[in-house]
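Nothing in this text is a laboratory measurement; each read-out follows from the coordinates by a stated rule. It should be emphasised that the depicted structure is a prediction, and the values quoted were computed from it without experimental measurement. Cβ coordinates were reconstructed from backbone atoms using ideal geometry, including for glycine residues, and neighbour counts include every protein chain displayed.
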Amino acid sequence: MKNRFFFYSLITCLLFISQTGLAQWQPSPWPVLKHYDKDHLRNIALPLGGIGTGTVSLGGRGELRDWEIMNKPAKGFSTVTIGNNAPFFAINVRPANGKSMTKALLGPLDPAEFQHYEGRPVNQHGFPRFTDATFDAAYPFGQVNLSDKHMPVTVKVKGFNPFIPGDADNSGIPIAVLAYDVTNTSQEPLTVSVCGSIRNFVGKDGSKSIKDWKGDYIPIGAKKNINTYRSDKGVQGIFMYSDSVSRQDAAWGTIALTTNSPTGVSYRTSSRSNDWENAMLDFWDDFSADGILTEKGKLIDDDPLASLAVQKTIAPGQNQTFTFFITWNFPNRMAWASFTTKPDQPAVGNYYSAQYADAWDVIVKTFPRLPALEQKTLLFVNALLRSDYPEVIKEAALFNLATLRSQTVFRIPSGHLMGWEGVFDEFGSCFGSCTHVWNYEQATAFLFSDLSQSMRDIEFNYATNETGKMSFRVMLPLAKAQEWTNAAADGQMGTILKFYRDWQLSGNPEFLKKNWPQVKKVLSYAWIKGGWDGNQDGVMEGRQHNTMDVDYYGPNPQMGFWYLGVLKAAREMATAMNDAELAQKCDVLAKKGSAWMDQNLFNGEYYEHKITDPATFDFLNWERDSTVKVPDYQLGKGCLVDQLVGQMMAHMLGLGYLANREHIQTTLQSIMKYNYLDTFADHFNNMRSYVLGDEAGLLMASWPKGRLKVPFPYFAESMTGFEYCAAVGMLYEGQTDNAIKCLTAIRNRFDGRKRNPFNEPECGYHYARSMTSWNTLLAWSRFQYSGITETMTITSKPGTYFWSNGSAWGTCSVSQAQGNANVSLTVLSGHVKLRRFTLQDGANHAFAKQQEIAEGKTIDFVVKK
């Protein structure tokens with residue numbers, strides 16, 4: 001019944017919207033997955049923005065931070081130098097018989113933020129703030145709770161951007177929706193104004209700056225920016241642009257600050273000149289006087305500080321919502337603009353910029369649809385939150401979806417999804433949609449199939465040369481995709497498994513037929529003379545560049561299991577394409593390779609690396625027991641955290657075990673035994689530290705049998721994407737307690753005070769591999785779907801589970817009755833075709849005829865044991 005509740009709630013809400021009109025729209029009640037108290041707010045920054053559009057983040061205390069809307073990362077960038085000039089919202093409260101009060105809509109400073117040579121370490125340091133704040137989150141919804149015993153109101157600051165699986169365009173809108181729910185806690189009516197102020201910073205992306213006389217860095221780039229007031233189609237506000245910035249500059253574009261309030265609106269398009277910070281003083285005096293802004297006459301030295309206010313009367317004990325929208329459009333993305341060896345990258349543009357003429361066009365087109373977009377987003381989030389997954393899995397899976405909206409990800413005008421590995425403060429980290437990083441995450445494919453398939457299109461049809469070598473970093477524009485000439489063994493193999501996954505999820509035989517020649521070519525590259533498996537025995541022996549950014553020499557589990565998974569997937573695809581010869585070859589190689597790895601790489605506890613000497617190695621006729629000169633940066637006898645990454649993918653795709661089941665299970669137990677540390681306080685790490693002090697986590701590698709003198713570089717580190725990989729493997733093998741322990745250790749580190757819960761770094765913030773966390777949902781629910789065979793699989797454990805296949809999503813409830821299982825399958829969005837439904841324990845239900853389950857429909861049936 002609760003599945004049907006989601007759909008009927010959506011219909012009821014949409015009917016209400018159609019009857020009451022858009023002008024009165026305000027956000028619905030939002031769910032809460034995680035609560036952060038006053039001591040865990042400092043590093044919270046929830047990105048508000050769409051896929052490929054850039055974002056501005058809602059901070060844990062209500063601040064707007066990290067303005068990353070100009071085609072580049074900008075961590076810490078507030079559009080101006082640190083101080084009182086950064087964008088912010090404020091409130092003015094006037095009792096009927098009392099003194100008015102004005103405060104910034106911000107929570108208190110953290111004691112650690114007080115030290116600064118001029119006493120101004122943070123934005124809005126000189127403004128009165130609310131004394132108490134907490135933060136509630138269920139991504140993409142963030143809510144800041146503000147209160148103050150001296151104020152007759154409490155305020156809930158709400159921020160979100162639509163996120164709807166299967167709908168990339170409506171999940172890719174350049175908008176930050178902000179609502180300020182104000183409650184009158186006094187015994188008398190209050191006149192309340194809420195105001196947003198943003199200095200027009202078009203042209204100032206934070207990358208170009210000079211030092212002032214005090215030694216502070218002042219952003220430069222634009223002069224004489226222009227603000228105009230507009231009112232159109234239910235919204236009104238301030239449109240910001242610049243005539244002084246080159247129209248080819250990445251920081252050229254437009255911004256709009258708007259509201260849908262039909263009454264009580266006042267504004268200022270500028271303030272007086274900002275000598276000695278007088279622009280902000282002039283604004284503050286105006287707003288504090290009566291909560292109504294007075295537009296100035298235009299002067300040549302005006303400061304482009306735009307302010308928009310809404311005033312309402314709130315009765316005692318009542319609530320009113322003040323809704324604002326920040327929209328933007330910056331069309332000039334410059335390829336891999338911050339890749340330091342290519343400073344002159346050409347402009348490639350943005351997909352979203354082709355959907356909207358400018359920032360005003362964004363709000364005009366989005367506002368009429370916003371209620372429906374909010375409800376569809378709520379439908380998704382509530383479906384996940386009401387499912388029977390452990391809380392830590394929900395948190396890890398949901399909160400890391402923020403990576404898809406960060407500057408890690410963008411879409412070029414053709415619609416293709418591109419990705420850095422992560423981002424630094426001002427630059428992208430490791431360009432090129434790096435295959436050996438993006439291989440790990442499944443969120444994109446299971447939530448946005450069209451985006452995932454666009455990445456496959458680039459890999460196989462742009463980045464692959466005539467020999468089948470795939471550039472594991474893609475250059476832009478796409479005509480230059482192969483200019484990065486290196487191939488990666490794990491990256492190339494992983495793309496074949498991802499292609500198999502996307503084909504299965506799509507149910508589209510033409511997707512395979514169209515791309516099959518390229519897929520064969522990419523696979524066959526492993527078999528060329530001197531290649532990764534040049535002697536074609538099912539074992540990768542050659543030089544293998546990989547995600548550790550080094551070359552492994554000799555058979556090892558990381559590449560070996562990727563390869564075995566590919567051979568199984570290729571066998572299935574070859575069979576579908578009536579290529580019996582290739583199917584048989586892949587089957588033979590998979591069986592030979594699996595047996596060899598169990599016999600030669602499994603040491604009784606885990607799989608290890610048999611190192612070969614690159615100076616003397618014969619790739620076709622090598623002797624595995626010869627004397628070896630060990631090169632630097634190898635794994636050797638180390639216990640690697642993600643050695644079973646290929647097996648993880650095989651389980652997700654229903655390909656079964658790639659090696660002896662008991663060996664797989666023992667390996668995961670060994671990873672927990674040797675790699676997990678309850679505290680890092682006594683751990684030596686000569687590289688980067690993503691886990692510190694008494695925090696817990698999984699090491700990249702441990703050395704129970706003795707460490708190499710110079711191991712691969714990252715061996716002493718701990719990185720969440722790899723930790724998730726191991727934890728997911730544990731879930732598939734029923735080692736639930738260990739898996740939950742690992743997941744809890746990760747998420748405890750991102751507690752809001754020490755780190756941002758919506759930003760798991762590796763080599764850069766918002767690291768793509770962090771989205772491996774979505775895999776935990778798949779492992780817990782055992783969800784699989786094949787549109788090719790029209791079958792769905794789910795766990796036999798009683799409960800309700802969210803599922804998604806990239807184009808459709810919903811819930812599936814399983815209950816036990818008289819030895820059989822009652823199943824209730826609901827499609828909340830999209831539609832699915834189904835001929836057979838299978839439970840994890842093997843019991844299945846074959847439908848008498850194909851079922852095509854439409855959006856909003858539920859089917860109930862019994863699976864007999």
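If the reach is capped at under 13 angstrom between alpha carbons, list the aspartates and glutamates near K365, excluding any in the same chain fewer than eight residues apart.
D169, D232
Applying 1/(1 + (r/R0)^6) with R0 = 35 Å to the Cβ-Cβ distance of R369 and K705, what FRET efficiency is obtained, to the nearest 0.05? Don't skip to the end; give the middle numbers.
Numbers: r = 60 Å, r/R0 = 1.71.
After rounding to 0.05, the efficiency reads 0.05.
If you rank T185, T744, T720 by fewest surrounding Cβ atoms within 10 Å, what's the result?
T185, T744, T720
Run the dipole for the chain about the Cα centre, Lys and Arg Cβ at +1, Asp and Glu Cβ at -1, nothing else charged, and hand back the magnitude in debye, nearest 20. Can you show the working numbers first?
Details: 84 positive and 85 negative charges, 270 e Å.
Computed about the Cα centre, the dipole is about 1300 debye.
How far, in nm, would the chain grow between N461 and D682 when pulled straight, counting 0.36 nm per residue and subtracting the alpha carbon separation? Mind showing how you got there, number by number?
Details: separation 221, 0.36 × 221 = 79.56 nm, distance 4.87 nm.
Value of the extension gain: 74.7 nm.
Fewest to most neighbouring Cβ within 10 Å: what's the order for E441, E662?
Values: E441 25, E662 11.
Neighbour counts put them in this order, fewest first: E662, E441.
For the chain, what class follows from the C-alpha gyration tensor (a ≥ b ≥ c being the square roots of its eigenvalues): rounded when a/c is under 1.5, otherwise prolate if a/b is larger than b/c, else oblate? Display every interim value, and only then the final one.
Numbers: a/c = 1.93, a/b = 1.59, b/c = 1.22.
It comes out prolate by the Cα gyration axes.
Students often check this: by mean Cβ neighbours within 10 Å, which of 580-588, 768-776 ranks highest, and how do the rest follow?
Details: 580-588: 15.2, 768-776: 28.1.
Order by mean packing, descending: 768-776, 580-588.
Need the list of lysines near K637 for cross-linking: C-alpha distance under 21 angstrom, and skip anything on the same chain fewer than eight residues off.
Result set, ordered by chain and number: K610, K629, K673, K705, K709.
Which whole-angstrom value gives the distance between the alpha carbon centres of segment 164-191 and segment 680-740?
Taking the Cα centre of segment 680-740 as reference, the centre of segment 164-191 is 40 Å away.
How many angstrom lie between the C-alpha centres of segment 114-152 and segment 817-865?
Value for the Cα centre distance between the two parts: 49 Å.
Starting from the Cα of K72, draw a straight line to each of the lysines and keep only those under 24 Å, dropping any in the same chain fewer than 8 residues away.
Result set, ordered by chain and number: K204, K208, K211, K223, K224, K342, K480.
Starting from the Cα of I528, step 7 Å toward the Cβ, then list every residue of segment 476-499 with an amide N under 16 Å from that point.
Only 482-493 pass the distance filter.
Can you give the FRET efficiency for D694 and K149, using 1/(1 + (r/R0)^6), R0 = 51 Å, r = Cβ-Cβ distance, to the nearest 0.05?
Computed FRET efficiency for D694 and K149: 0.90.
With the cut-off at 1.5 for a/c, could you classify segment 29-365 from its C-alpha gyration tensor as rounded, prolate or oblate? Walk me through the numbers on the way to the answer.
Details: a/c = 1.44, a/b = 1.33, b/c = 1.08.
Rounded, since a/c falls under 1.5.
Label 7 Å along Cα→Cβ of K865; segment 819-834 residues with amide nitrogen under 16 Å?
Inside the label zone: 819-823.
Please list, by residue number, every one of the trypsin sites (Lys or Arg not before Pro) in segment 454-529 that is coil in DSSP and has at most 13 other beta-carbon atoms within 10 Å.
Working: sites: R456, K469, R473, K480, K498, R501, K513, K514, K520, K521, K529; in loops: K469, R473, K529.
Taking segment 454-529 and a limit of 13 other Cβ atoms within 10 Å, the loop trypsin sites (Lys or Arg not before Pro) found are K529.
Run the simple label-point estimate for K233 and T485 please: 7 Å along Cα→C-beta, distance reported in nm.
Each label point lies 7 Å from its Cα, and together they span 5.1 nm.
Find the centroid of the Cα atoms in segment 758-794 and in segment 260-277, then give the distance between the two in whole Å.
46 Å
For A112 and T185, calculate 0.36 nm times their separation in residues minus their Cα-Cα distance, and state this gained length in nm to one decimal.
Values: separation 73, 0.36 × 73 = 26.28 nm, distance 3.15 nm.
Value of the extension gain: 23.1 nm.
Between R836 and A817, with labels modelled 7 Å along Cα→Cβ, what's the label distance in nm to one decimal, could you check?
2.5 nm
Mind giving me the FRET efficiency for Q355 and A848? R0 is 41 Å, r the Cβ-Cβ distance, nearest 0.05 is fine. Working shown, then result.
Details: r = 44 Å, r/R0 = 1.07.
Calculated value: 0.40.
Just to be sure I understand the model, the point goes 7 Å from the Cα along the line to the Cβ. What's the resulting A595 to N278 distance in nm?
8.9 nm
Output the peptides 558-568, 302-312, 693-703 sorted from most to least packed, where packing is the average of other Cβ atoms within 10 Å over each peptide's residues. Please report the intermediate quantities before stating the final value.
Values: 558-568: 28.1, 302-312: 23.1, 693-703: 21.1.
Descending mean neighbour count gives 558-568, 302-312, 693-703.
Sorting L178, L385 on the 10 Å Cβ count, fewest up front, what's the list?
Ascending number of Cβ neighbours within 10 Å: L385, L178.
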